[in-house]
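Participant: Can you read through this structure? Questions will come right after.
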Amino acid sequence: MKKWKLISLLLITVMGLSACGGPAAPDVLEQVEAVPKPTYTVGSEVILKASHQPGMQGAKAKIVGAYDTTAYSVTYTPTTGEPPVKGYKWIIQEEIKNYIKQPYNPGTEVVLKADHVKGMLDASAKLDTANTMTVYMIDYTPTTGGGEVKNYKWVTEDEISPVK
(Lines give C-alpha, C1' and ligand atoms only; values in the text may rest on other atoms or scores of the structure.)
Protein backbone atom coordinates (compact mmCIF):
# COMPACT_ATOMS: atom_id res chain seq x y z
CA MET A 1 0.00 0.00 0.00
CA LYS A 2 2.83 2.40 0.88
CA LYS A 3 4.40 1.61 -2.50
CA TRP A 4 1.27 2.84 -4.34
CA LYS A 5 1.11 6.00 -2.25
CA LEU A 6 4.76 6.70 -3.08
CA ILE A 7 4.15 6.12 -6.80
CA SER A 8 1.07 8.37 -6.71
CA LEU A 9 3.04 11.09 -4.92
CA LEU A 10 5.85 10.85 -7.49
CA LEU A 11 3.39 11.06 -10.40
CA ILE A 12 1.68 14.11 -8.90
CA THR A 13 5.08 15.77 -8.33
CA VAL A 14 6.26 15.04 -11.88
CA MET A 15 3.01 16.37 -13.38
CA GLY A 16 3.21 19.49 -11.23
CA LEU A 17 6.84 20.16 -12.16
CA SER A 18 6.17 19.65 -15.85
CA ALA A 19 3.58 22.42 -15.67
CA CYS A 20 6.23 24.81 -14.29
CA GLY A 21 8.32 24.88 -17.43
CA GLY A 22 6.98 28.31 -18.32
CA PRO A 23 4.56 29.24 -21.07
CA ALA A 24 5.11 27.75 -24.48
CA ALA A 25 5.94 30.15 -27.29
CA PRO A 26 2.62 31.32 -28.76
CA ASP A 27 1.66 29.70 -32.06
CA VAL A 28 1.56 32.25 -34.87
CA LEU A 29 -1.47 30.53 -36.39
CA GLU A 30 -3.51 31.28 -33.28
CA GLN A 31 -2.77 35.00 -33.73
CA VAL A 32 -3.49 35.38 -37.44
CA GLU A 33 -7.00 35.59 -38.89
CA ALA A 34 -8.10 32.62 -40.99
CA VAL A 35 -9.93 33.61 -44.18
CA PRO A 36 -13.53 32.31 -44.12
CA LYS A 37 -13.89 32.16 -47.94
CA PRO A 38 -10.44 32.32 -49.59
CA THR A 39 -9.90 32.11 -53.33
CA TYR A 40 -8.20 28.74 -52.77
CA THR A 41 -9.94 26.74 -50.03
CA VAL A 42 -8.23 24.32 -47.65
CA GLY A 43 -7.75 21.03 -49.49
CA SER A 44 -7.54 22.65 -52.95
CA GLU A 45 -4.77 21.50 -55.26
CA VAL A 46 -2.74 24.22 -56.94
CA ILE A 47 0.37 24.65 -59.06
CA LEU A 48 3.15 26.78 -57.59
CA LYS A 49 4.51 29.72 -59.54
CA ALA A 50 6.73 30.75 -56.61
CA SER A 51 10.43 29.96 -56.68
CA HIS A 52 11.29 30.54 -53.01
CA GLN A 53 13.01 27.14 -52.79
CA PRO A 54 14.62 24.83 -55.38
CA GLY A 55 11.95 22.58 -56.93
CA MET A 56 9.07 24.79 -55.88
CA GLN A 57 8.17 26.39 -59.22
CA GLY A 58 5.79 24.12 -61.16
CA ALA A 59 5.22 21.78 -58.22
CA LYS A 60 1.75 20.57 -57.30
CA ALA A 61 0.66 21.70 -53.84
CA LYS A 62 -2.26 21.32 -51.46
CA ILE A 63 -3.65 24.30 -49.53
CA VAL A 64 -3.59 23.61 -45.78
CA GLY A 65 -4.39 27.12 -44.52
CA ALA A 66 -5.43 30.58 -45.73
CA TYR A 67 -4.87 33.70 -43.62
CA ASP A 68 -5.48 37.45 -43.90
CA THR A 69 -2.44 39.43 -42.76
CA THR A 70 0.34 41.68 -43.97
CA ALA A 71 3.16 39.85 -45.72
CA TYR A 72 6.68 41.25 -45.95
CA SER A 73 9.73 40.48 -48.01
CA VAL A 74 12.69 41.03 -45.71
CA THR A 75 16.44 41.33 -45.64
CA TYR A 76 17.77 39.70 -42.48
CA THR A 77 21.06 38.79 -40.89
CA PRO A 78 20.99 35.13 -39.78
CA THR A 79 21.88 34.45 -36.16
CA THR A 80 24.23 31.70 -37.41
CA GLY A 81 26.81 34.22 -38.66
CA GLU A 82 25.97 33.61 -42.32
CA PRO A 83 25.86 36.60 -44.71
CA PRO A 84 22.62 38.64 -44.88
CA VAL A 85 19.71 37.11 -46.81
CA LYS A 86 18.10 39.64 -49.17
CA GLY A 87 14.49 39.66 -50.31
CA TYR A 88 13.31 36.62 -48.33
CA LYS A 89 9.61 35.93 -49.06
CA TRP A 90 7.45 35.87 -46.86
CA ILE A 91 7.31 36.88 -43.21
CA ILE A 92 3.89 37.81 -41.88
CA GLN A 93 2.91 40.50 -39.40
CA GLU A 94 2.47 37.98 -36.59
CA GLU A 95 6.03 36.64 -37.09
CA ILE A 96 7.60 39.93 -35.97
CA LYS A 97 8.62 40.16 -32.33
CA ASN A 98 6.32 42.42 -30.34
CA TYR A 99 4.31 43.08 -33.49
CA ILE A 100 1.59 45.69 -33.59
CA LYS A 101 -1.77 45.30 -35.33
CA GLN A 102 -1.07 48.05 -37.88
CA PRO A 103 1.13 47.15 -40.87
CA TYR A 104 4.72 48.36 -40.72
CA ASN A 105 6.19 50.54 -43.45
CA PRO A 106 8.92 49.24 -45.74
CA GLY A 107 12.31 50.16 -44.29
CA THR A 108 11.26 49.42 -40.70
CA GLU A 109 13.83 47.46 -38.69
CA VAL A 110 12.42 44.54 -36.69
CA VAL A 111 13.38 41.31 -34.94
CA LEU A 112 11.92 38.11 -36.37
CA LYS A 113 10.17 35.43 -34.38
CA ALA A 114 9.69 33.31 -37.52
CA ASP A 115 11.63 30.07 -37.60
CA HIS A 116 11.24 29.08 -41.27
CA VAL A 117 14.95 28.37 -41.75
CA LYS A 118 17.99 27.96 -39.52
CA GLY A 119 19.23 31.32 -38.24
CA MET A 120 15.97 33.20 -38.77
CA LEU A 121 14.56 33.12 -35.21
CA ASP A 122 15.59 36.28 -33.32
CA ALA A 123 17.38 37.68 -36.40
CA SER A 124 17.46 41.42 -37.07
CA ALA A 125 15.65 42.32 -40.27
CA LYS A 126 14.63 45.23 -42.47
CA LEU A 127 11.22 45.09 -44.14
CA ASP A 128 11.69 45.48 -47.89
CA THR A 129 8.04 45.38 -49.00
CA ALA A 130 4.67 45.28 -47.24
CA ASN A 131 1.43 43.89 -48.71
CA THR A 132 -1.85 43.25 -46.90
CA MET A 133 -3.26 40.11 -48.50
CA THR A 134 -4.21 36.47 -48.14
CA VAL A 135 -1.27 34.13 -47.58
CA TYR A 136 -1.42 30.36 -47.85
CA MET A 137 0.26 27.52 -46.01
CA ILE A 138 0.87 24.56 -48.32
CA ASP A 139 2.10 20.99 -48.54
CA TYR A 140 4.08 20.24 -51.71
CA THR A 141 6.55 17.81 -53.24
CA PRO A 142 9.51 19.55 -54.93
CA THR A 143 9.93 18.96 -58.67
CA THR A 144 13.60 18.22 -57.92
CA GLY A 145 12.61 15.12 -55.94
CA GLY A 146 12.79 14.38 -52.25
CA GLY A 147 10.06 14.11 -49.70
CA GLU A 148 6.95 16.18 -49.24
CA VAL A 149 7.36 19.60 -47.62
CA LYS A 150 4.63 19.99 -45.01
CA ASN A 151 3.15 23.26 -43.76
CA TYR A 152 5.36 25.51 -45.89
CA LYS A 153 4.90 29.14 -44.89
CA TRP A 154 3.97 31.26 -47.02
CA VAL A 155 2.83 31.71 -50.61
CA THR A 156 0.56 34.44 -51.93
CA GLU A 157 -2.35 34.26 -54.38
CA ASP A 158 -0.23 35.55 -57.26
CA GLU A 159 2.28 32.71 -56.62
CA ILE A 160 -0.24 29.91 -57.19
CA SER A 161 -2.68 28.87 -59.89
CA PRO A 162 -5.44 26.27 -60.04
CA VAL A 163 -4.71 22.77 -61.30
CA LYS A 164 -6.16 22.45 -64.82
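Participant: Tell me which residues come under 5 Å, amide H to amide H, from M120 once H is placed; ignore anything under 5 positions away on its chain.
Facilitator: T79
Participant: Moving on to the next point. If you take every residue apart from K164 with its C-beta less than 14 Å away from the C-beta of K164, what net charge results, scoring Lys and Arg +1 and Asp and Glu -1?
Facilitator: Working: positive: K49, K60; negative: E45.
Every neighbour counted, the sum reads +1.
Participant: Residue by residue, what Karplus-based ³J(HN,Hα) values in Hz, rounded to whole numbers, does segment 88-93 have, using 6.51, -1.76 and 1.60 with θ = phi - 60° and x for Gly and Pro?
Facilitator: Karplus values, whole Hz, x for Gly and Pro: 5, 10, 10, 10, 9, 3.
Participant: Sorted by accessible area (1.4 Å probe), largest first, how do T77, T144, T69 line up?
Facilitator: Values: T77 70, T144 100, T69 10 Å².
If we order T77, T144, T69 from most to least accessible, we get T144, T77, T69.
The values are calculated or read from the model by the stated rules, or taken from the named source; none is laboratory data. Since we're looking at a predicted model, the values are computed, not measured. Cβ sites come from the backbone with ideal geometry, for glycine too, and all protein chains shown count toward neighbours. Side chains are part of the model used for accessible areas, which takes the heavy atoms of the whole protein and leaves out ligands, DNA and RNA. Shrake-Rupley method; radii C 1.70, N 1.55, O 1.52, S 1.80 Å.
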